């Protein structure tokens, strides 16, 4: 027992949020009254992202495959939660609720009792029996067919999803299974979001979240109607005869509100985690979405940006609007009582990392070491001295395609304006600016439809570490930016939903008031700088529209030539 | 005396070529019968390129200044030529001629006896008294005025120079002197190309070359006329009242053919160089131009590319055509009896060096060290494995502006098609391809006017070292490429002109037959690869025309915003 030992305060109550990410799960123990973190723990997934071979199987998987093992999710629970309790010296009975958030759409086929098909020896060598991770991209032909048919039939989901249903989403992945492995389709009693599956594992009941169903699985509100529906059996039959009754047979129509109690922790799960049996478990959340209340946002007019390798934009609105090129709009989908809108940028932190790894010369790394900085910090400090437009550079930020507005994964990056005098920090700033212009495009798509955006909120590593990036976003968009205080915003958001599900707070608004905080430092737009950026943004828009909208643009022709070259023998 | 000593063969005859480059002078001693090199020597210029301060003067020079000291040129002669003789054990009487070539337009003001004004204490602190080097770029306002007036008056030189007179050329630099330092204009008896001045120093007579006069100083052939002329005193008067009689007062109308004898070596210069008094001295040449016969080319249909930091293209034609965007067309200007055409690409080796220095990450350098290669060689070996179009990348090669076709120094580089999977060798290849497409644009400008180009010839370090570059040029242009054998093509070309001036050969055709050689390896186009490149070239052309020709293109707007940002206080 060391000098700094303080006895745990037994009168305190805690909630746990578990954030299931792409490579690991992170659990956070939070004081339910204050939202302050008491402990956190991370567990990497043993099988990580399965892209080349299934575990123990030498057979090469097809291109664009990205699978996961549900066993890794269970390990997260059994490793991290006991760690939290030990680290914070908190007793199981002090933990009054457990919430989760998950990547989405990550989905898997299971038996009627919830057992994943991949746990069955019979199916474990079949990739379709595993979790298809959000970034599994092999279902593009299926997505194309869904969009074609959806447009032909004037299906509501086309408008709900900004004009295009993604290859990453639920029915694209499910149709891929039907097409490539009908036996898995037959063997599965359920197809389910991994986020709903983990809740099922925790509380023993299949309680699906309305959010994932609404944002990824075509649970939509037809025009002028106040009640939701899935597309009709006719639609699904036209998609594939086997799918006619997919909703009733393999999903079940029931969905549940965010912050509602899915059930109590099972005895088995209580043993596994060290928590008390019956501990309230919240309905599952989508990872980026829980960041919204964790940034203090539970009302319209505030765009929340979760800035990581990519950026996810979330916004609340009083009314429903069909906004061009967004990812989706779901009533009650982010905060009950409001429409939740989602949009995204496919390459942000990833783009900067690509540049630092593959485009920054050794002398920058050397200079950074000398100055005791990271390469990012050195580039940031040099780039901060530039004025807008001074480098003469402008980029289109599509190194990883365009997720919102144009919704085209095949668009590519562009840099114009380089001279022999161009230096790395100038390119770095141009890339940051390009992502800011991309964000402004998304903001304008909303505001053009009358959905107000007065402030921006940001969370994620880049928001907290890169103040140049934040200031540029404020200047480019002309809006103040507030940054979340927590560095584990998603896990905090999951914990906040646990607090609501446990009945500690009446709703997420009350939970956000007590548990969420933003940093003191607010990035305010400099309007003179914004005026300069308006000019650059005008040029960004011209490049955006020519390269991104013209079906015969050089960018699109290059993509076709690339595909042809890969198959041609020269 | 060591074992390998062989007595010099006293029956052999030699010529010397001295190549005055940007940073140094290089002298080559050549067997006049075979063209084989007997010795070479290089001397760096002590004052190099004077850009910031005049020697011994702390005053900062204006932006875009690039001057040289004529004393450095004289040092080249007195250091290198004696070295050649010693190294090859050749007697002065064995050297039967001396030729030179020089950067152009590099020009200076001198007194009537040839003494540079900058040698005079009275003027040595005045930058206009020094040699204005070819890359002195401060005379852009003067060039603009010349072009405006030339177009207004329908002056022949506008068409001769492809539509635009350059800020680098003779009268732009001279008008700058009149505007900024009229006292230098008054004090100078002559303004002269440095290449003509060095010949004057060698043989004591002012014998100007028709080539420099034709390519840089408005000595042109009006439409339908068989005799040349300078613009009229009216034109010069309109340009500046002081210039009315500039040609007769400060230039003298006389010009001399290439390969003709300017005179014999003066006694003073014989003493300085160790050569015999009276040794024949050839009329001066432009550096890139002498490479043409040194590549064996003395007839039409063969485009010679001197590939270095930039590329210079030279072509011979039977007739005169006004070709869009070329640098110039001069009768007898490269080879007597033919029209000499010049075009250029402003950034080639410079562009690759920029990329390697500022865009290639440390792991490439590390990989190169491990493989015992240079970074260039490693990138080349990796890039050679790619098929055309496979990387999805396409670039506009304008990092240093566009010298021919568009003639716009303010155009900038562009790269489109990057993804998170893009790697350095792919970018490197895209940059090489972009310069190849730029060359094809120049070729098509000629062939569209009926000037045939059947083969390409290349010289310069890149042509000799980078076989991927050569093969890509062959594939993109659909033409075979032959590479000069000599690594000192310019100095060899100067020596060949010395051989003609000395009367050893009747003309440059005969000299080329005996003294010039190409390598055995010929790069032949692969027509299947060319077909793929035709598609990429189509997209290059679309980018070229939109970004380069549209006066409101994003590239041009960015340039204006850059200029504005540099002056704005934010």
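Structure summary
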read-out	value
Residue list for the range A:305-323, restricted to those being within 11 Å of residue A:343 (Cβ to Cβ) and assigned to a strand (DSSP E or B)	A:305, A:311, A:312, A:313, A:314, A:315
Residue match in the range B:556-569 (condition: surrounded by 21 or more Cβ atoms within 10 Å (Cβ to Cβ) and within 14 Å of chain A (Cβ to nearest Cβ))	yes
Residue A:246 being within 23 Å of residue A:184 (Cβ to Cβ) and surrounded by 20 or more Cβ atoms within 10 Å (Cβ to Cβ)	yes
Of all residues making up the range B:397-409, the number that are part of a loop (DSSP other than H, G, I, E, B) and under 19 Å from residue B:358 (Cβ atoms)	3
Residue B:24 vs. criteria surrounded by fewer than 17 Cβ atoms within 10 Å (Cβ to Cβ), modelled with pLDDT of 95 or more and either more than 15 Å from residue B:502 (Cα to Cα) or out of contact with any helix residue (DSSP H, G or I) (no Cβ under 6 Å at 6 or more places or on another chain) (or both)	yes
Within the range B:448-482, tally of residues that are within 11 Å of residue B:522 (Cα to Cα) and touching a helix residue (DSSP H, G or I) at 6+ places or on another chain (Cβ under 7 Å)	5
Residue ranges of helices (runs of 4 or more DSSP H) in the range A:160-213 with at least 2 members under 17 Å from residue A:282 (Cβ atoms)	A:194-203
Some residue of the range B:260-279 being surrounded by fewer than 18 Cβ atoms within 10 Å (Cβ to Cβ), touching a residue at least 12 places away in the same chain (Cβ under 8 Å), under 28 Å from the mean Cα position of the chain (by Cα) and over 20 Å from residue B:177 (Cβ atoms)	yes
Any hit, the range A:429-438, residues being part of a loop (DSSP other than H, G, I, E, B), without any contact (Cβ under 8 Å) to a residue 60 or more places away in the chain and either more than 10 Å from chain B (Cβ to nearest Cβ) or surrounded by fewer than 24 Cβ atoms within 10 Å (Cβ to Cβ) (or both)	no
Any chance residue A:204 is in contact with a strand residue (DSSP E or B) (Cβ under 7 Å, 6 or more places away or on another chain), surrounded by fewer than 21 Cβ atoms within 10 Å (Cβ to Cβ) and at pLDDT 95 or above	yes
Candidates A:506, A:480, filtered to the one that is away from chain B (no Cβ under 14 Å), over 24 Å from the mean Cα position of the chain (by Cα) and under 30 Å from residue A:104 (Cβ atoms)	A:506
Residues (more than 14 Å from chain A (Cβ to nearest Cβ) and either modelled with pLDDT under 95 or in a strand (DSSP E or B) (or both)) located in the range B:328-352	B:328, B:329, B:330, B:331, B:339, B:340, B:341, B:342, B:343, B:344
Helices (runs of 4 or more DSSP H) within the range A:445-524 that include 3 or more residues touching a strand residue (DSSP E or B) at 6+ places or on another chain (Cβ under 9 Å)	A:461-465, A:467-477, A:489-501
Residue A:113, sole failed condition from (1) in a helix (DSSP H, G or I); (2) surrounded by fewer than 20 Cβ atoms within 10 Å (Cβ to Cβ)	(1)
Subset of the range B:397-413 that is in contact with a strand residue (DSSP E or B) (Cβ under 6 Å, 6 or more places away or on another chain) and buried (at least 24 other Cβ atoms within 10 Å of the Cβ) - its residue that is farthest from the other protein chains (Cβ to nearest Cβ)	B:404
Given (1) surrounded by 16 or more Cβ atoms within 10 Å (Cβ to Cβ); (2) away from every other protein chain (no Cβ under 14 Å), number of the condition residue A:322 does not satisfy	(1)
Candidates B:172, B:167, B:104, filtered to the one that is surrounded by fewer than 24 Cβ atoms within 10 Å (Cβ to Cβ), touching a residue at least 12 places away in the same chain (Cβ under 8 Å) and in contact with a helix residue (DSSP H, G or I) (Cβ under 9 Å, 6 or more places away or on another chain)	B:167
Residues that are out of contact with any strand residue (DSSP E or B) (no Cβ under 9 Å at 6 or more places or on another chain) and either facing another protein chain (nearest Cβ under 7 Å) or surrounded by 19 or more Cβ atoms within 10 Å (Cβ to Cβ) (or both), drawn from the range A:531-546	A:532, A:533, A:535, A:537, A:542
Strands (runs of 3 or more DSSP E) fully within the range A:5-62 counting 2 or more residues that are within 18 Å of the chain's Cα centre (by Cα)	A:14-20, A:24-31
Count - residues of the range B:365-396 that are more than 8 Å from chain A (Cβ to nearest Cβ) and part of a helix (DSSP H, G or I)	15
Of the criteria (1) within 14 Å of chain A (Cβ to nearest Cβ); (2) within 26 Å of residue B:199 (Cα to Cα), which one residue B:490 fails	(1)
Residue check for residue A:80: touching a residue at least 40 places away in the same chain (Cβ under 8 Å), part of a strand (DSSP E or B) and in contact with a strand residue (DSSP E or B) (Cβ under 6 Å, 6 or more places away or on another chain)	no
Unique residue being exposed (fewer than 14 other Cβ atoms within 10 Å of the Cβ), in contact (Cβ under 8 Å) with a residue 40 or more places away in the chain and more than 8 Å from chain B (Cβ to nearest Cβ) when the list is A:517, A:549	A:549
Test: residue A:164 is at pLDDT below 95, more than 28 Å from residue A:72 (Cβ to Cβ) and more than 18 Å from the chain's Cα centre (by Cα)	no
Residue in the range A:125-139 that is over 18 Å from residue A:246 (Cβ atoms), modelled with pLDDT under 95 and in contact with a helix residue (DSSP H, G or I) (Cβ under 8 Å, 6 or more places away or on another chain) present	yes
Check on residue A:355, in a helix (DSSP H, G or I) and out of contact with any helix residue (DSSP H, G or I) (no Cβ under 7 Å at 6 or more places or on another chain)	no
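The values are calculated or read from the model by the stated rules, or taken from the named source; none is laboratory data. The model shown is predicted, which means the values in this text are computed figures rather than measured ones. Neighbour counts run over all protein chains shown; Cβ positions are idealised from the backbone, glycine included.
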